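Visitor: The structure is given below, and queries will be raised subsequently.
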Amino acid sequence: MISRGVLPDSRSLSMRNKKDFSKEETAGVVKPRYGADTREKILAAARKVFARHPYHAASLRMIAAEGGFYQGLIRPHFPTKASLFEALCEDLASDFSEKNRKWMAEIGGLMPEEGLSLYLDRFIAYYKKNKENIGLIVQNINQEDEHNIPGYHNVTNFLSERNAIAESAAMLVFDKDSMARFQEGFTALILHFFGFAAPQARVLGFKTDSPEYLEWVKETILFIFVPVVEKALNKLIAGQITTELG
């Protein structure tokens, strides 16, 4: 209340006019603070929405509803849906690229089954904590106009970089054509089994993302790809022995 004849302090009015993003709740919607973690809250909500809907089908309203905050909270951090999606793609590609390099370094020098098994263990552990990232890729990778999706080039560039790293690691085992076939087949199965885990698990009689399903996926990928690598390795060794004897 303002007493008659007493002018309110201008700073008090200024503070009153600002939105109070405290833990106040209105109609079930929480008003988060404009703090350092607000950006991450927005990104977390957006990641869930874009994992379920392609870029063009998702909206800022859907993201605000997912996160339980007002849509107006998004714009100070991300003026447009495009800028928000681009930030997600940049974060995804950067994080995944860093981890993939680490995994590839870990399996260097291991035999095919041991190396591929370790790589899959690392990927599955990553997937359990970052399911939305795989969903985001799958929701948008089959869009006809993916080149017009803001920031998605970060994801496609990462996939190309991952192929280059793997090709470099296996260049002594595979010729270029065989390596391309291996990489494309491996990537396709990864995106299928993890990007469409729910329907695939149901078809197989497993619960989605259950230990049994994830173990089945790992064993299936090993079953398909380990013999391919071992055959190429044995061929290389046989060729070296022939050369030495000759």
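Visitor: For S97, work out the one condition from (1) closer than 20 Å to K41 by Cβ; (2) under 13 Å from the mean Cα position of the chain (by Cα); (3) among the hydroxyl-bearing types (S, T, Y) it doesn't fulfil.
Guide: The failed condition is (1).
Visitor: Go through segment 95-105 and report how many residues are small (G, A, S) and without any contact (Cβ under 8 Å) to a residue 12 or more places away in the chain. Give the steps one after another, and end with the answer.
Guide: At the first step, the residues of segment 95-105 found to be small (G, A, S) are 97, 105.
This time we only want the ones that are without any contact (Cβ under 8 Å) to a residue 12 or more places away in the chain, so: 105.
Total meeting the criteria: 1.
Visitor: Now a separate question. For the subset of segment 183-196 comprising residues that are touching a residue at least 40 places away in the same chain (Cβ under 8 Å) and open to solvent by 30 Å² or more (accessible area, probe 1.4 Å), which member is nearest to Y126 (Cα to Cα)?
Guide: L191
Visitor: Identify, please: which residue in segment 55-71 is without any contact (Cβ under 8 Å) to a residue 40 or more places away in the chain and open to solvent by 30 Å² or more (accessible area, probe 1.4 Å) and is, among those, farthest from Q139 (Cα to Cα)? Please lay out each step first, then the result.
Guide: Residues of segment 55-71 that are without any contact (Cβ under 8 Å) to a residue 40 or more places away in the chain, as a first pass: 57-67, 71.
Restricting the remaining residues to those that are open to solvent by 30 Å² or more (accessible area, probe 1.4 Å) gives 57, 59, 61-62, 65-67, 71.
Numbers: A57: 10, S59: 15, R61: 19, M62: 16, A65: 20, E66: 18, G67: 20, Q71: 23 Å.
Looking at the filtered set, the residue picked out is Q71.
Visitor: In segment 53-89, how many are under 20 Å from N154 (Cβ atoms) and basic (K, R)?
Guide: 1
Visitor: Starting from segment 28-47, take each residue that is farther than 16 Å from K81 by Cα and open to solvent by 60 Å² or more (accessible area, probe 1.4 Å) and list its partners that are of a type in the set (K, R) and at pLDDT below 50, counting only C-beta distances under 9 angstrom and pairs at least six apart or across chains.
Guide: R33/K23; Y34/K19
Visitor: Something else about it: Does P199 meet the test of being in a helix (DSSP H, G or I), modelled with pLDDT of 90 or more and exposed (fewer than 12 other Cβ atoms within 10 Å of the Cβ)? Don't jump to the end; show me each part of the working.
Guide: Values: in a helix (DSSP H, G or I): yes; modelled with pLDDT of 90 or more: yes; exposed (fewer than 12 other Cβ atoms within 10 Å of the Cβ): yes.
Yes, satisfied.
Visitor: Sticking with this structure for a sec: Of all residues in segment 113-126, count the ones that are open to solvent by 80 Å² or more (accessible area, probe 1.4 Å) and free of Cβ contacts under 8 Å to residues at least 24 places away in the same chain. Walk me through it before giving the result.
Guide: To start, the set of residues in segment 113-126 that are open to solvent by 80 Å² or more (accessible area, probe 1.4 Å) comprises 113-114, 122.
Going one step further and asking which of them are free of Cβ contacts under 8 Å to residues at least 24 places away in the same chain, we end up with 114, 122.
Qualifying residue count for the region: 2.
Visitor: A further question follows. Out of (1) open to solvent by 20 Å² or more (accessible area, probe 1.4 Å); (2) within 18 Å of the chain's Cα centre (by Cα), the odd one out for L110 is which?
Guide: Checking L110 against (1) open to solvent by 20 Å² or more (accessible area, probe 1.4 Å); (2) within 18 Å of the chain's Cα centre (by Cα), the one that fails is (2).
Visitor: Just to be sure before I move on: is A105 hydrophobic (A, V, I, L, M, F, W, C) and farther than 24 Å from A180 by Cα in the structure I sent? Before you say what the answer is, go through the steps one by one.
Guide: Working: hydrophobic (A, V, I, L, M, F, W, C): yes; farther than 24 Å from A180 by Cα: no.
For A105, the condition - hydrophobic (A, V, I, L, M, F, W, C) and farther than 24 Å from A180 by Cα - is not met.
Visitor: Another question, if that's okay. Only residues that are assigned to a loop (DSSP other than H, G, I, E, B) and either open to solvent by 90 Å² or more (accessible area, probe 1.4 Å) or at pLDDT below 85 (or both): list them for segment 205-240, please. Give the steps one after another, and end with the answer.
Guide: At the first step, the residues of segment 205-240 found to be assigned to a loop (DSSP other than H, G, I, E, B) are 205-210.
K207, the sole residue that qualifies.
Visitor: Would you tally the residues in segment 44-77 being farther than 19 Å from N133 by Cα and in a loop (DSSP other than H, G, I, E, B)?
Guide: 7
The values are calculated or read from the model by the stated rules, or taken from the named source; none is laboratory data. Because the structure is predicted, anything quoted here is derived from the model rather than measured. Here the Cβ is made from the backbone with ideal geometry for all residues, glycine too, and neighbour counts use every protein chain on show. Ligands, DNA and RNA are stripped out before the accessible areas are found, and what is left, the full protein with its side chains, is counted by its heavy atoms. Shrake-Rupley method; radii C 1.70, N 1.55, O 1.52, S 1.80 Å.
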